[in-house]
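Report on one structure; see the data block that follows.
The values are calculated or read from the model by the stated rules, or taken from the named source; none is laboratory data. The model shown is predicted, which means the values in this text are computed figures rather than measured ones. So basically every Cβ, Gly included, is an ideal-geometry build from the backbone, and we count neighbours across all protein chains shown.
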Amino acid sequence: MIRPDPQREETRKLAPGYFSYPVFAWSLVIGLALGLAFTRMQGPLQRSNAEPWQLRADERHHFAIAIALEHQHSGNMGRTLNKLIALRPAQHPLDALADAACALGSSGYLGSESGIKALRGAVALYSVDGRTGCAEQLLPLSATDSAPEPAVERAADAGFATPLPTKPPLRDSQGGASSRRLVPTPAAQRSFEARAARSFCDAANPALIEVHVLDYLGRGIPGQRIRVRWSDQEDIFLSGLKVDRGPSYADFQMEEGIDYAIDMPGAADPLDASLSTGACYTANRSTLKSWRITFVET
Amino acid sequence: MRRFLRSLILGLLLGTLAGLYFGWIQFPPANRNSAISELAQRHRDDYTVMIAAGYAVDRDAAGALERLGKLEADDVSAYLRGATERIIRSSARDFDDIRLLVRLAHDLGQLTPAMQPFLELDGGDP
C-alpha cells in the first residue's frame, strides 16, 4: 500500500480553489461604495415625486411667488406661511419670499405686466411685518404706488382678530441696546403650533435651539414663553430678548448627549421629536448641529 | 490569476448592484435640484391651484399660462383641463379650489361638461 506523501497532501489542502474569499469580500465592499457614490452623484431614480423643499433655488422662487399670488386671493396668512415653511427656508419664511422676489425682479421677471403684478403681490405680503427687500426698489414706481392693500388690512376687513402683543417690550435702562425686559404675554390668550423643526450647521452658532414665534400674520411676537426640558430639569426663555434678531427670536444653548423637549407652556404642545446636537460639518469644519423651530399662532 | 479575476469581477458586480439598490431604492438621496415639473402630483396640483387663485385676482390669462408652463406640459391648456377633471373626479381638493380651476379653464377655452356645474355655481359665464 502506497501511503500519500504528507507534504503533497498539505499542498492539496492549501491549493487555490475556485474562489478567493478575501478578494471577493474586498471587491464587494469596493463595488458597494462605487454603487452608492454613483447614486449620490446621479440623484434619485424617480424624479417626479419631489417635495417643495427639494426644488432648486430658481424654481423655489417661482413657487414662492405662486404662494404670494394665492395669498392675494385667500388672504389666509396661516396657510400662506405653512406653504412658505414647506420650502424649508433657511431664514424667516417672509424673508425668504422677499429674497425670491428680489432674485426674480433682478432677473428679467419684471419684463411683463404679469411679472410686475405678481411681484407687487409678493411685496404686499412680506411688507405686512414691516419687512423690506430689494423688489420694491425694482418695481416700477406706478406699480408700487398702486400696490394692492397689504393682507393685514384684508384680514382686518374680513373680521379676523389681529392680536398684538399685550404689552410692548420695554427698554432696559440699565442694559445695553441689545437687551429688552419683557413682560410675558399671558399664555392662555394664544395658542401655537410647531410648524417647522429643522437642523442646520453653523460654526458661528453651534448647538443652539433657535425659536421663532409668529402670529398668524407672520409677525414676530415678543415675550412668549418657551420651555425646554431635559432629564429632570427645565428652563423657560422668552422671545424677543435679542433686539438685533427681531421680536420673534429666542434661543437656547444645548449640550452634547442630552435630548431636549421643547414646547410653549399652556400655548403649544411639545414638539413630536426630541432635539439633540451632534457633530456636523460646514465649510470643512466640524461643529455641533443646531435646530431652528417655528411656532405659528393657530 | 483566473481565480483572482473571477472573485474580483463577481465581488464588484454584486457590490455595485447592492450599492445601486441601497442608494436608489432603499435610501434614495434627498435631491435638492428639482424643477416644479418634478414635484409630486399633489404639489403640482397645489401649484396649479395657486396659479388659478392668482388668476382670480389679476385676470391675467397670459401670466397664468406662463406660470403653468413651469409644469412643462406639452400643452398647458390641455394639462389644466386634464388636471381639473381629475381633481373633480377624485375630489382631491376642496370646492373653492375646484371653482378657481374651473374659472381658469373656462377662460382658457377648456371648459368640459364635467366642469360646467361648478361654473354655474360660480355665477355662470360672465
Checklist outcome for this item: The correct count of residues that are free of Cβ contacts under 8 Å to residues at least 24 places away in the same chain and either farther than 21 Å from A:Asn49 by Cβ or buried (at least 19 other Cβ atoms within 10 Å of the Cβ) (or both) in the stretch B:70-104 is 9
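Which of the strands (runs of 3 or more DSSP E) found entirely inside the stretch A:205-273 contain at least 3 residues meeting this: more than 18 Å from the chain's Cα centre (by Cα)? Working first, answer last.
Numbers: elements: A:208-214, A:225-230, A:233-238, A:249-253, A:261-263.
Because the criterion is at least 3 residues that are more than 18 Å from the chain's Cα centre (by Cα), the strands (runs of 3 or more DSSP E) in the stretch A:205-273 that meet it are A:225-230, A:233-238.
Residue by residue, here is whether (1) under 17 Å from A:Phe63 (Cβ atoms); (2) out of contact with any helix residue (DSSP H, G or I) (no Cβ under 9 Å at 6 or more places or on another chain); (3) at the interface with chain A (Cβ under 9 Å from one of its Cβ atoms) holds:
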| position | (1), (2), (3) |
| --- | --- |
| B:Gly23 | no, no, yes |
| B:His43 | yes, no, yes |
| B:Ala53 | yes, no, yes |
| B:Asp60 | no, no, yes |
| B:Ile87 | no, no, no |
| B:Leu108 | no, no, no |
| B:Ala114 | no, no, no |
| B:Phe118 | no, no, no |
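Considering each residue of the stretch B:1-15, count those that are more than 8 Å from chain A (Cβ to nearest Cβ) and part of a helix (DSSP H, G or I), and give that number.
Of the residues in that region, 2 qualify.
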Next on the checklist: If A:Asp272 meets every condition in (1) over 24 Å from A:Leu87 (Cβ atoms); (2) loosely packed, with under 13 Cβ neighbours inside 10 Å apart from one, which number is that one?
Outcome noted: (1)
Item to check | Evaluation of A:Gly240 against (1) at pLDDT 80 or above; (2) surrounded by 13 or more Cβ atoms within 10 Å (Cβ to Cβ); (3) in contact with a Leu (Cβ under 9 Å, 6 or more places away or on another chain); (4) not aliphatic (A, V, I, L, M) (one fails), failing number | outcome: (1)
Checklist outcome for this item: (1) at the interface with chain B (Cβ under 7 Å from one of its Cβ atoms); (2) within 16 Å of the chain's Cα centre (by Cα); (3) in contact (Cβ under 8 Å) with a residue 12 or more places away in the chain all hold for A:Trp53 apart from (1)
Next on the checklist: Anything in the stretch A:65-88 that is more than 10 Å from every other protein chain (Cβ to nearest Cβ), of a type outside the set (Val, Ile, Thr) and under 17 Å from A:Ala101 (Cα atoms)? List them, or say none.
Outcome noted: A:Leu81, A:Leu84, A:Leu87
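Could we say that A:Thr80 is surrounded by fewer than 24 Cβ atoms within 10 Å (Cβ to Cβ) and out of contact with any strand residue (DSSP E or B) (no Cβ under 7 Å at 6 or more places or on another chain) here? Reasoning before the result, please.
Values: surrounded by fewer than 24 Cβ atoms within 10 Å (Cβ to Cβ): no; out of contact with any strand residue (DSSP E or B) (no Cβ under 7 Å at 6 or more places or on another chain): yes.
Taking the combined requirement at face value, the residue does not satisfy it.
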Checklist entry - Identify, please: which residue in the stretch A:275-298 is crowded, with 20+ Cβ neighbours inside 10 Å and farther than 21 Å from A:Ala204 by Cβ and is, among those, farthest from the chain's Cα centre (by Cα)? => result A:Glu297
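Counting only residues that are closer than 16 Å to B:Ser77 by Cβ and surrounded by 17 or more Cβ atoms within 10 Å (Cβ to Cβ), how many does the stretch B:108-118 have?
Matching residues across the stretch B:108-118 total 4.
Could you go through the stretch A:146-164 and let me know if any residue there is of a type in the set (Gly, Ala, Ser) and at pLDDT 80 or above. Walk me through how you get there before you give the answer.
Residues of the stretch A:146-164 that are of a type in the set (Gly, Ala, Ser), as a first pass: A:146-147, A:151, A:155-156, A:158-159, A:161.
From the residues that got through so far, the ones that are at pLDDT 80 or above too are none.
No, the stretch A:146-164 contains no residue that is of a type in the set (Gly, Ala, Ser) and at pLDDT 80 or above.
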Checklist entry - Looking at A:Arg60, is it modelled with pLDDT of 90 or more and basic (Lys, Arg)? => result yes
